[in-house]
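Trainee: The structure that follows is given in the form of structure tokens.
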């Protein structure tokens with residue numbers, strides 16, 4: 001399941017729903033991304049996330065589909081928030097269910113690495129010194145490129 005939404009999400013509810021998908025599930029790995037309160041020693045007041053409706057969902061569907069092909073997964077949930085968020089708010093949830101932990105861990109990392117570099121989201125930080133649109137970090141680009149080589 002893939003959702004883009006402005007409202008917060010419940011990790012417990014999402015994992016409970018995922019667990020109900022199959023009795024074959026032996027592992028669920030979750031990643032929860034949060035809004036930082038600092039970036040480059042600059043205090044973040046708010047983070048604004050924009051996306052391209054329709055295209056974003058297609059992009060995430062493609063990323064999850066590729067993960068399903070690479071690993072033996074039972075199901076995947078991705079919830080990504082958009083709009084104005086505060087420090088410590090949840091931004092993204094990736095929950096991967098599989099029969100075994102190794103596949104779930106690898107797939108969760110893959111999905112996040114690709115989401116950070118291939119999904120059409122734009123982030124704007126508002127700080128005490130002004131606002132700025134964020135560029136994709138080189139470390140995220142390198143992580144995504146590593147999966148392309150494998």
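Trainee: For the range 65-150, what ratio Rg/Rh do Cα atoms give with a Kirkwood hydrodynamic radius?
Mentor: On the way: Rg = 15.0 Å, Rh = 14.6 Å.
Answer for the range 65-150: 1.03.
Trainee: What ranking do 110, 31 get, fewest neighbouring Cβ atoms within 10 angstrom at the top? Mind showing how you got there, number by number?
Mentor: On the way: 110 23, 31 16.
Starting with the residue having the fewest Cβ neighbours, the order is 31, 110.
Trainee: So what's the back-of-envelope 222 nm ellipticity for the chain, counting only DSSP H runs of four-plus at -39500 (n - 2.57) apiece and dividing by all residues, rounded to 500?
Mentor: On the way: 4 runs with 55 residues, N = 150.
One gets -12000 deg cm²/dmol as the mean residue ellipticity at 222 nm.
Trainee: For the residues 49, 134, what sequence is obtained by ranking on other C-beta atoms within 10 Å, fewest first?
Mentor: Values: 49 20, 134 13.
Neighbour counts put them in this order, fewest first: 134, 49.
Trainee: In what order do 51, 100, 80 fall by count of nearby beta-carbon atoms within 10 Å, going from fewest to most?
Mentor: Numbers: 51 19, 100 12, 80 23.
So the ranking, lowest neighbour count to highest, is 100, 51, 80.
Trainee: If the viscosity is 1.002 mPa s and the temperature 20 °C, what translational diffusion coefficient in µm²/s does Stokes-Einstein give for the range 57-96 when Rh comes from Kirkwood over Cα pairs?
Mentor: Details: Rh = 11.6 Å.
Result for D is 185 µm²/s.
Trainee: While we're here: How many percent of Cα pairs in the range 1-125 exceed 25 Å? Before the final figure, lay out the partial values.
Mentor: Numbers: 1866 of 7750 pairs.
It works out to 24 percent of all Cα pairs.
Trainee: How many angstrom lie between the C-alpha centres of the range 70-123 and the range 12-31?
Mentor: 14 Å
Each value in this text was obtained by applying a stated rule to the coordinates, not by laboratory testing. Predicted model only: the values in this text are computed from it and were never measured. As a convention, Cβ positions derive from the backbone with ideal geometry for all residues, glycine included, and neighbour counts pool all protein chains shown.
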